[in-house]
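Report on one structure; see the data block that follows.
The values are calculated or read from the model by the stated rules, or taken from the named source; none is laboratory data. Please read these numbers as outputs of a predicted model, since none were measured by experiment. Neighbour counts run over all protein chains shown; Cβ positions are idealised from the backbone, glycine included. The area values use the complete protein model at the heavy-atom level, side chains included, leaving out ligands, DNA and RNA. Shrake-Rupley method; radii C 1.70, N 1.55, O 1.52, S 1.80 Å.
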Amino acid sequence: MNSIYHVKQFDDQVFGLAYRPSLAPERSDDTDFYGEFYRPVPREFSAANQEVLRQALMETPDVRCILEIGVQRNPLPESSTGILLRNKAANAIFIGIDIEDKSHLADESRGIFTIQGDSGDRSPVYALMARLGIAAIDFLFIDGWHSVNQCVADWRYVERLSPRGTVAMHDTNVHPGPVLVFDAIDERLFDKKKYCTEGPDWGISVIRRK
Ligand SMILES: C[S@@+](CC[C@H](N)C(=O)[O-])C[C@H]1O[C@@H](n2cnc3c(N)ncnc32)[C@H](O)[C@@H]1O
């Protein structure tokens with residue numbers, strides 16, 4: 001359990017979480033970052049983050065569908081999006097959802113789709129999956145808005161995670177949403193591990209179904 005925040009636990013049912021975490025009312029559950037615990041990082045998505053993400057993808061069997069929440073803000077080669085697109089199987093579908101327009105990446109002939117919208121609304125993603133005949137998400141990468149409420153909402157896509165699917169989540173060192181959601185993940189259902197916890201790095205985690 002991370003101790004940098006004073007966390008409250010509510011027993012609302014969110015699949016895969018042992019409890020719903022909250023920082024309210026002392027802090028807003030809609031804030032991406034409080035600025036404290038900050039150590040400047042040389043690169044937002046570090047080389048070590050890139051390697052953890054690549055490995056996690058490679059170790060996930062039969063990846064037919066990748067969902068990325070929070071798409072390419074960094075130069076493509078060093079962004080999470082670049083890693084996922086470079087390493088996905090040719091026949092795998094990539095869906096990226098971002099509040100901003102990332103349609104410059106879309107290429108249906110290569111199975112690359114982008115959705116502009118708030119990731120908290122899962123319906124456009126599920127509608128696209130239905131249109132493409134995809135029942136489950138095999139690899140979910142969460143790196144959108146890092147508030148507690150948004151990360152809990154983003155975690156809800158796990159309801160569609162395939163039985164051998166993987167979740168990776170960026171910014172698990174200090175950002176409130178990822179830190180609290182990581183701690184709340186139900187260890188009876190999932191194995192979870194933090195990486196890049198030392199040094200100037202935002203951190204990344206990998207979560208797999210047991
Ligand atoms: C940290 S950046 C992602 C960086 C990316 N992983 C990379 O390596 O370049 C976060 C992204 O989340 C997007 N975002 C912010 N709020 C969002 C929301 N409510 N729904 C979807 N995307 C959101 C931002 O537009 C931004 O592109």
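Take Ser46 and tell me if it is within 14 Å of the chain's Cα centre (by Cα) and either farther than 22 Å from Val158 by Cα or modelled with pLDDT under 95 (or both). So Ser46 fails the test. Kindly indicate whether Ile95 is among the β-branched types (Val, Ile, Thr), on the phi < 0 side of the Ramachandran plot and at pLDDT below 95. Judged against the criteria, Ile95 is not a match. Take the residues of the range 173-202 that are touching a Phe, Trp or Tyr at 6+ places or on another chain (Cβ under 9 Å) and within 20 Å of Met58 (Cβ to Cβ): which is surrounded by the most Cβ atoms within 10 Å (Cβ to Cβ)? Once the filter is applied, the top-ranked residue is Cys196.
What about Ser205, is it part of a strand (DSSP E or B), of a type in the set (Ser, Thr, Tyr) and surrounded by fewer than 23 Cβ atoms within 10 Å (Cβ to Cβ)?
no
So in the range 120-148, with the set limited to residues that are open to solvent by 10 Å² or more (accessible area, probe 1.4 Å) and within 10 Å of the ligand (Cβ to nearest atom), which one is farthest from Gly203 (Cα to Cα)? Checking each candidate, the answer is Asp121. Would you mind stating whether Pro40 is open to solvent by 30 Å² or more (accessible area, probe 1.4 Å), under 18 Å from Leu161 (Cα atoms), part of a loop (DSSP other than H, G, I, E, B) and out of contact with any Phe, Trp or Tyr (no Cβ under 7 Å at 6 or more places or on another chain)? The answer is no for Pro40. Step by step: first the residues of the range 17-33, then only those that are part of a loop (DSSP other than H, G, I, E, B) and away from the ligand (no atom under 16 Å from the Cβ), then the one that is least open to solvent (accessible area, probe 1.4 Å). Which residue is that? By that ranking, first place goes to Leu23.
In this structure, Glu100 qualifies as within 14 Å of the ligand (Cβ to nearest atom) and either in contact (Cβ under 8 Å) with a residue 60 or more places away in the chain or not aliphatic (A, V, I, L, M) (or both). Assessment of the range 66-85 against the conditions (more than 15 Å from the ligand (Cβ to nearest atom) and open to solvent by less than 20 Å² (accessible area, probe 1.4 Å)) yields no matching residue. The set of residues from the range 117-138 being touching an Asp or Glu at 6+ places or on another chain (Cβ under 9 Å) and under 14 Å from Ile66 (Cα atoms) comprises just one member, Asp138. Of all residues in the range 149-167, exactly one satisfies the criterion of being more than 26 Å from Gly82 (Cβ to Cβ) and either among the aliphatic types (A, V, I, L, M) or buried (at least 23 other Cβ atoms within 10 Å of the Cβ) (or both), namely Val152.
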